[in-house]
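**Q** I have a structure I would like to understand better, so I am pasting it below and will then ask my questions one at a time.
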Amino acid sequence: MKVLVPVKRVVDYNVKIRVKADGSGVETANVKMSMNPFDEIAVEEAVRLKEAGKATEIVVVSVGPAQAQETLRTALAMGADRAILVQAEGTTEPLAVAKVLKALVEKEAPGLVILGKQAIDDDCNQTGQMLAALLGWGQGTFASKLVAGDGKAAVTREIDGGLETVELTLPAVVTADLRLNEPRYASLPNIMKAKKKPLETVTPDALGVDVTPRLKTLKVTEPPQRQAGIKVPDVATLVDKLKTEARVI
Amino acid sequence: MANILVIADHDGTSLKPATLNAVTAASKIASGIGGDVHILVAGKGAQAAAEAASKVAGVAKVLLADDAAYEHQLPEDVAPLVVSTVKGGGYGHVLAGATSVGKNLLPRVAALLDVAAISDITAVQSADTFERPIYAGNAIATVQSSDAVKVVTVRTTAFETAAAEGGSASVEQVAGAGAAGLSSFVSAELTKSERPELTAARVVVSGGRGMQSGENFPLLEALADKLGAAVGASRAAVDAGFVPNDYQVGQTGKIVAPELYIAVGISGAIQHLAGMKDSKVIVAINKDEEAPIFQVADYGLVADLFKAVPELQQAL
């Protein structure tokens with residue numbers, strides 16, 4: 001079974017982002033970029049499937065600027081076999097990415113697509129569900145456990161009340177939540193090897209997909225800042241403040 | 001003048017509070033364009049939930065699709081129903097609470113309609129313009145949709161709940177579309193608790209890595225019970241296996257905004273702050289006085305939590 005893993009290049013999760021003064025967006029120039037953490041988990045899951053003999057080939061895909069090649073190389077260093085960059089500048093919305101991925105799925109015919117449940121930049125949490133819809137496949141979102149069997153996969157999902165397990169007919173789309181696994185660090189020899197793995201570049205046009213955004217971002221602003229309050233010396237003062245000042249107990 | 005369709009999140013007998021938050025957002029949209037708010041209840045034997053929906057203030061009509069296929073809200077089965085309802089009813093908006101059910105379903109609906117989905121809105125500016133947090137809430141984007149149908153999930157903490165009583169909507173049966181055969185429900189392990197639900201609680205007590213082990217969480221539970229509070233946790237505490245996943249408060253866990261949030265042994269990573277910084281009053285108890293949580297706390301107590309928490313419980 002071939003596994004397709006879409007990955008996104010995002011502002012590193014440790015970076016404290018800055019909103020641009022003109023309100024047009026968030027500053028991404030000269031900011032550390034990394035693979036979306038949920039996508040790292042997706043890559044790791046695919047690599048584990050391959051190590052367990054359940055996956056035969058792992059193809060990683062990124063829709064984004066030329067620099068997304070670095071993200072793809074990271075995935076290759078983790079154990080993916082080859083990479084496809086769908087080069088697109090500017091904002092690519094989840095619906096557009098899902099359409100690009102659908103075109104690639106039709107070409108590559110994977111048995112499973114695993115991707116992160118959400119990207120930590122736009123926080124949309126949509127692409128996997130949209131891809132499954134466009135393909136007419138089942139979806140196992142927010143997965144904390146994946147058991148791939150013969151023509152079926154059991155996915156345990158993190159839901160508001162606890163956990164839920166669903167069985168999906170393969171091929172299907174699975175989106176990774178935090179506790180699906182702990183991604184490995186790529187070793188130096190694997191990073192070197194990854195440089196020689198195939199990386200193909202295509203355009204959305206060549207795939208026949210229009211990636212024009214559907215939403216217009218009118219402005220991006222800072223959220224209201226919360227001011228630090230006071231330090232209290234002891235529990236008695238804390239209780240007193242909560243009762244008489246904040247009046248919440 | 002298109003109407004607005006709210007997808008109910010329910011357990012067959014009652015509505016989840018998130019549905020009422022979504023109705024409030026829907027009413028805001030409706031007041032600008034003069035449409036009606038309808039609720040779609042898809043479920044198996046969900047007559048009681050539909051009746052509850054019919055009593056919600058501001059709701060003009062309830063659509064009940066009773067079909068065995070909808071028992072577990074599998075999106076593969078429910079999405080086609082929503083799509084046919086939207087197309088048949090000429091709806092201009094589809095809304096749901098940003099719960100695990102809404103987040104699973106609505107992007108699938110949007111893709112089938114070939115429209116963008118707008119996740120987790122925190123404000124309605126007009127019928128086509130919404131505010132939503134990005135980058136873990138460190139920026140707020142104002143987005144405008146030109147699509148024919150706006151598919152929107154609603155951040156529950158940003159909208160009041162609509163009154164659960166006072167409405168008298170009609171309940172109309174709609175035919176189910178059956179199962180798509182792509183997925184099936186196997187089992188659920190739901191956390192049982194007598195405490196209030198995390199997202200609806202007036203007070204939340206959360207523990208982090210500083211709790212050191214799951215065996216220490218009863219300390220927080222005792223405090224929570226004294227306050228009538230829900231118990232939450234940081235990602236670090238969940239990842240370490242101290243408590244189950246549904247306790248997690250943060251960017252990718254639950255978003256809460258209680259009257260009082262007590263963070264115990266939580267350092268305050270931005271991903272955690274994203275889930276609780278809209279709380280009215282924040283208390284932090286941490287032995288590390290440099291912990292970032294103190295930068296958002298109204299009241300900070302630098303102390304050993306194993307001494308301070310029992311003392312606090314006694315003092316209440």
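Every number here is computed from the coordinates shown, using simple stated rules; none is lab data. Just so it is clear, the structure is predicted and the values come from calculations on it, not from any experiment. We place every Cβ from the backbone using ideal geometry, glycine too, and count neighbours over all the protein chains shown.
**Q** Peptides B:64-72, B:254-262: what's the order by average Cβ count within 10 Å, highest mean first?
**A** In descending order of packing, they fall as B:254-262, B:64-72.
**Q** Answer rounded, prolate or oblate for segment B:1-65, using the Cα gyration tensor with square roots of eigenvalues a ≥ b ≥ c: rounded when a/c is under 1.5, else prolate when a/b is larger than b/c, else oblate.
**A** Numbers: a/c = 2.46, a/b = 1.87, b/c = 1.31.
Prolate, since a/c reaches 1.5 and a/b exceeds b/c.
**Q** Still on this structure: Kindly state, as a whole number, the per residue volume in cubic angstrom of the convex hull around the alpha carbon atoms of segment B:4-173.
**A** Considering the Cα atoms of segment B:4-173, their hull volume per residue is 97 Å³.
**Q** Which value does Rg/Rh take for the protein assembly as shown over its C-alpha atoms, Rh per Kirkwood? Could the numbers behind the result be given before it?
**A** Values: Rg = 23.3 Å, Rh = 24.2 Å.
Ratio of gyration radius to Kirkwood radius for the protein assembly as shown: 0.96.
**Q** Which whole number of Å³ per residue matches the convex hull of the alpha-carbon atoms in chain B?
**A** Residue-normalised Cα hull volume stands at 132 Å³.
**Q** Related question: Classify segment B:198-315 as rounded, prolate or oblate, taking a ≥ b ≥ c as the square roots of the eigenvalues of its Cα gyration tensor: rounded when a/c is under 1.5, otherwise prolate if a/b is larger than b/c and oblate if not.
**A** Working: a/c = 1.14, a/b = 1.10, b/c = 1.03.
Since a/c stays below 1.5, the shape of segment B:198-315 is classed as rounded.
**Q** Going by C-beta contacts inside 10 Å, put A:192, A:130 in order with the fewest on the left.
**A** Final ranking by Cβ density, sparse to dense: A:192, A:130.
**Q** Rg and Dmax in Å for chain A, alpha carbons only: what are they?
**A** Calculated on Cα positions, Rg and Dmax stand at 21.0, 68 Å.
**Q** Let me ask something additional. In deg cm²/dmol, rounded to 500, what helix-only [θ] at 222 nm does the protein assembly as shown give when every DSSP H run of at least 4 residues adds -39500 (n - 2.57) and the total is split over its residues?
**A** The helix contribution divided over the protein assembly as shown gives -8000 deg cm²/dmol.
**Q** Select from chain A the helices, each a whole stretch of DSSP H, whose alpha-carbon atoms run 18 Å or more along the helix axis and whose Kyte-Doolittle mean is at least -1.0; answer none if there are none.
**A** Values: long enough: A:37-51 (21 Å, -0.29); A:94-108 (20 Å, 0.61).
The answer, listed by residue number, is A:37-51, A:94-108.
**Q** Where does each of A:31, A:100 land when they are ranked from fewest to most other beta-carbon atoms within 10 angstrom?
**A** The most exposed by this proxy come first: A:31, A:100.
**Q** In peptide A:132-139, how many Cβ atoms from other protein chains are near each Cβ within 10 Å, on average?
**A** Neighbouring Cβ atoms belonging to other protein chains average 6 per residue here.
**Q** Within 10 Å of each Cβ in peptide B:305-315, how many partner chain Cβ atoms are there on average? Round it to a whole number, please.
**A** Mean number of neighbouring Cβ atoms from other chains: 2.
**Q** Then there is this: Only Cα pairs under 8 Å and at least 6 apart count here; give the relative contact order of chain B as a rounded whole percent.
**A** Details: 731 pairs, mean separation 47.6, N = 316.
Here the relative contact order equals 15 percent.
**Q** Evaluate peptide B:125-135: per residue, the Cβ atoms of other protein chains within 10 Å of its Cβ; return the mean as an integer. Walk me through the numbers before you get to the answer.
**A** Working: counts 1, 0, 0, 2, 3, 1, 4, 4, 2, 12, 15.
That average works out to 4.
**Q** Now, a different point. List every DSSP H helix in chain B whose Cα atoms extend 24 Å or more along the helix's own long axis and whose mean Kyte-Doolittle hydropathy is at least 0.5.
**A** Details: long enough: B:17-33 (25 Å, 0.80).
Both cut-offs are met by B:17-33.
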